[in-house]
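Engineer: Let me give you the structure first, and then I'll get to my questions.
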Amino acid sequence: MEQFAAIDLGSNSFHMKVVRAEEHALTVIDRERDMVRLAAGLDASGLLTPEASERALNCLARFGQRLRELKPDNVRIVGTNALRKAENSGQFIREAEKALGFSIEIISGFEEARLVYLGAAQTLQGDRGRRMVVDIGGGSTEIIVADKSEPVFLGSLSMGCVSSSEKFFPNGEINHLRMRRAILSAHLELEPNIATLRNLAARDIIGTSGTVRAISNVIRENGWSDTGITHKGLKKLVKKIVEAGHSDNLKFSGLSDERRPVFAGGVAVLMTIFNALDLKFMRVSDGSLREGVLHDLIGRVLYEDRRAVTVLDLMKRHHIDMEHGKRVCQTTLTLFDQVKQQGLLQRERRLLGWAAQLHEIGLMIAHSQHHRHGAYVLKNMDLPGFSRQEQGALSIMVRLHRRRYHAELIEDSVYVRSEALGLMTRLLRLAVLFNRGRTPIELPTIHVHLDAAQVMTLGIPRLWLEDHPLTAADLEQEVDLLRAAGLELGISRS
């Protein structure tokens, strides 16, 4: 009965949920929420203000105390739209990881949508046909259409309760014109997907997130609907909000004080979705992003890692030489295990193995510069299960697995642990070099030593090098390439 925890660093609220995994069930043993309003703390330059960062760090310090006794692999913390947009998110993440004691992942809108649906699906009873799940966050809105467990549409739109409220209802001022502009702006954001969503003809419409639950509560408490959210009830709510004239006057039964400042923006987004997609009724689910993160995390630890499935799918779809990828992977991990005490983490071992399996993905475009092609593909594709930092690390390792070593790419990467990424990249380069022949040969016992100054020394049997002069020449070239980048590689012939 292990404990698992998920933290959702949303643009409006931070949520933590801790569960105990029992046979065929999860028991919630702790939960915390703090209305941090991270999106409201982005200034005109896209930087998180010191005040917003301080609010967030104080919250995370409290969360970190609760998580202190949990295994690192049993905790997953994800950042969403506000951290995707923040220009200084890397600096914030470094400080936040110190406060928490755990790593933080920034996930793409696509991955957020996948996890939102996974969380909602856990709470949905019965099969009512094709589903549409709508999650209105602080800075983005995710819309997913699925047949049972299989999504057929995943979308993340740049509109949310905080961003809409900040833009169209500044200082809490509300009137008919402002509401109309907020709805029109949301419609323009949704417009490229309207025809697709209508054609998918979902029958079961589900809303999730705090915004949707707050709207449902207000509509029900005021007698505008017995259950869920109706189009009629939503129109009455919009009218009442406009009549109130200011967010301070939104004293509806069922609406908390802390949600009042961003309520009008959230209602405008949902009204747009109802209008544009001709929806009549939406039921509400308690499952959302953090529940999806939990189920995905437990799947990684106890069952099947979605990232491994994604890598296998990529290898099949792009006709990567699986046997060669497997050999490079085995060599890479053998080298890794000799230097894993140098601050490397188990999750980085998995990441390095996936990079080894995918290092030739660029061959689907062209052999010439295939390391560049592969890096671009891995950086820009939607890879289910992977965070933006993980995708960035995969891209960098594939980009640098051959030819010139660009150390500046590692320093500029979104992957926070640049020293670890540099070491993983060097190990991958060596594994590719030793398997250059692309045939199943018996490699010698290779000893790897890394000193405190990050100088790497390889111990290789002299006789084996004499029997493999091409590999010996490649190693000498690698010494020169790394030296040009300010790194030292020594070859010891035993």
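No value in this document is a laboratory result; all are computed from the given coordinates. Owing to the predicted nature of the structure, the values given are computational and were not obtained by experimental measurement. We place every Cβ from the backbone using ideal geometry, glycine too, and count neighbours over all the protein chains shown.
Engineer: Report the extension gain between Met322 and Arg203 in nm, rounded to one decimal, defined as 0.36 nm multiplied by the number of residues separating them, less their alpha carbon distance.
Structural biologist: Going from the current span to full extension adds 38.7 nm.
Engineer: Right, another one. Starting from the Cα of Lys236, draw a straight line to each of the lysines and keep only those under 29 Å, dropping any in the same chain fewer than 8 residues away.
Structural biologist: Lys167, Lys251, Lys280
Engineer: Once phi is turned into ³J(HN,Hα) by the Karplus curve 6.51 cos²θ - 1.76 cosθ + 1.60 with θ = phi - 60°, what whole-Hz value does each residue of the stretch 143-150 show in order, with x for glycine and proline?
Structural biologist: Couplings: 10, 10, 10, 8, 9, 6, 8, 10 Hz.
Engineer: Report the net charge of residues surrounding Asn193, where surrounding means a beta-carbon distance below 15 angstrom and charges are Lys +1, Arg +1, Asp -1, Glu -1.
Structural biologist: Working: positive: Arg198; negative: Asp135, Glu142, Glu189, Glu191, Asp278.
Summing Lys and Arg as +1 and Asp and Glu as -1 gives -4.
Engineer: What Rg and what Dmax come out for the stretch 226-380 when only alpha-carbon atoms are used, in angstroms?
Structural biologist: Using the Cα atoms of the stretch 226-380, the pair Rg, Dmax is 25.3, 69 Å.
Engineer: With charges set only on the Cβ (+1 for Lys and Arg, -1 for Asp and Glu), what does the dipole of the stretch 33-144 come to about its Cα centre, in debye to the nearest 20? Display every interim value, and only then the final one.
Structural biologist: Numbers: 16 positive and 15 negative charges, 68 e Å.
Taking the Cα centre of the stretch 33-144 as origin, the dipole is about 320 debye.
Engineer: Still on this structure, I have one more. Give me the compactness ratio for the stretch 304-443, meaning the Cα radius of gyration over 2.2 N^0.38 Å.
Structural biologist: Numbers: Rg = 13.7 Å, N = 140, 2.2 N^0.38 = 14.4 Å.
Output field value: 0.95.
Engineer: Specify which residue in the list Tyr376, Gln391, Leu351 is farthest towards the positive end of the charge dipole of the stretch 304-443, using unit charges on the beta carbon of Lys, Arg (+1) and Asp, Glu (-1), about the Cα centre.
Structural biologist: It is Tyr376, whose Cα lies furthest towards the positive end.
Engineer: Arranged from highest to lowest average of other beta-carbon atoms within 10 Å per residue, in what order do the peptides 106-118, 362-374 appear?
Structural biologist: Values: 106-118: 25.4, 362-374: 16.2.
Most protected by this proxy first, the peptides run 106-118, 362-374.
Engineer: Right, another one. Averaging over every viewing direction, what projected area does the convex hull of the Cα atoms of the stretch 105-234 cover, in nm²?
Structural biologist: Details: hull surface 36.4 nm².
Hull-based average projected area comes out at 9.1 nm².
Engineer: Run the Debye formula on the Cα coordinates of the chain, all scatterers equal and no solvent, and tell me log10 I(q)/I(0) at q = 0.08, 0.10, 0.13 1/Å.
Structural biologist: So the normalised log intensities work out to -0.55, -0.81, -1.21.
Engineer: First select every other residue whose beta carbon is under 9 angstrom from the beta carbon of Gly210; then total the charges, Lys and Arg +1, Asp and Glu -1. Don't skip to the end; give the middle numbers.
Structural biologist: Numbers: positive: Arg33, Arg213, Arg259; negative: none.
Here the charged neighbours net out to +3.
Engineer: Take the residue pairs Lys326/Lys379; Lys148/Lys239; Lys148/Lys240; Lys71/Lys316; Lys71/Lys148 and return only those whose Cα atoms are more than 28 Å apart.
Structural biologist: Numbers: Lys326/Lys379 22 Å; Lys148/Lys239 36 Å; Lys148/Lys240 37 Å; Lys71/Lys316 33 Å; Lys71/Lys148 32 Å.
Among Lys326/Lys379; Lys148/Lys239; Lys148/Lys240; Lys71/Lys316; Lys71/Lys148, the Cα-Cα distance tops 28 Å for Lys148/Lys239; Lys148/Lys240; Lys71/Lys316; Lys71/Lys148.
Engineer: Going by amide H atoms built from the backbone, whose H comes under 5 Å of the H on Gly459, apart from near neighbours?
Structural biologist: Those lying under 5 Å, H to H, from Gly459 are His447, Val448, His449, Ser492.
Engineer: While we're on this one: Is the C-alpha gyration tensor of the stretch 79-119 telling us rounded, prolate or oblate? Criteria: a/c under 1.5 is rounded; beyond that, a/b larger than b/c is prolate, otherwise oblate.
Structural biologist: oblate
Engineer: With θ set to phi - 60°, apply the Karplus curve 6.51 cos²θ - 1.76 cosθ + 1.60 along the stretch 284-295 and write out the HN-Hα couplings as whole Hz, x wherever there is a Gly or Pro.
Structural biologist: Using θ = phi - 60°, the values come out as 10, 10, 7, x, 8, 4, 5, 5, x, 4, 4, 5 Hz.
Engineer: Here's something else I'd like to know. If packing is taken as the mean number of other Cβ atoms within 10 Å per residue, what is the order of 87-97, 392-402, 146-156, highest first?
Structural biologist: Details: 87-97: 17.3, 392-402: 25.5, 146-156: 15.4.
In descending order of packing, they fall as 392-402, 87-97, 146-156.
Engineer: To continue, here is another question. Kindly rank 375-387, 433-445 from highest to lowest mean number of other beta carbons found within 10 Å of each residue. The partial results should precede the final answer.
Structural biologist: Working: 375-387: 19.4, 433-445: 13.9.
Ranked from most to least packed, the peptides come out as 375-387, 433-445.
Engineer: Same structure, new question: Can you check what the net charge comes to around Ala39, using other residues whose Cβ is under 10 Å from the Cβ of Ala39 (Lys, Arg +1; Asp, Glu -1)?
Structural biologist: On the way: positive: Arg37, Lys85; negative: Glu166.
Charge balance in the 10 Å sphere: +1.
Engineer: Sticking with this structure for a sec: Hey, how many Å between the Cα centroid of the stretch 89-120 and the Cα centroid of the stretch 19-69?
Structural biologist: Taking the Cα centre of each part, the stretch 89-120 and the stretch 19-69 sit 10 Å apart.
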